[in-house]
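The values are calculated or read from the model by the stated rules, or taken from the named source; none is laboratory data. Treat the numbers as computed from the prediction; the structure is a model and nothing was measured. Here the Cβ positions follow ideal geometry from the backbone for every residue, glycine too, while neighbour counts run over all protein chains shown. Accessible surface is based on the protein model in full, side chains and every heavy atom, while ligands, DNA and RNA are left aside. Shrake-Rupley method; radii C 1.70, N 1.55, O 1.52, S 1.80 Å.
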Amino acid sequence: MYQFSNRECFWGRYLIPINQFNQRYHWPPSYIKCDCSELAEHQRRRNQGHFYPTYIWKCSNCKRQYRLIRGTRNFEEITKKIEKG
């Protein structure tokens, strides 16, 4: 079985699932599935009135951040969940 990415990817406000057939129209994704089963949103940087992609996705629920590995369609976690104790 062909694995498109190591995470489920979605695009746009209607959360269109991205696969190998529509990736050229919807890449990079707007949302990816986080480990906590919520959606991590694509972060954008604003500079002088223009928005630039950062290739970082952040989950608003657990505050984990994911980064797109350059040249691939796979994501890696760059911050871990902070345990309160």
Ranked packing of 23-31, 68-76, most packed first, by mean Cβ within 10 Å | 23-31, 68-76
In the chain the accessible area split gives carbon plus sulfur, as whole percent at 1.4 Å, a share of 47
Correct option for volume of the Cα convex hull per residue in Å³ [calculated from the coordinates] among (1) 130; (2) 106; (3) 115 | (1)
Just by accessible area at a 1.4 angstrom probe, what is the order of PHE4, PHE21 from largest to smallest?
-> PHE21, PHE4
Pulled fully out, how much extra length does the chain show between PHE51 and THR72, if you take 0.36 nm times their separation in residues and subtract their Cα-Cα distance?
-> 5.3 nm
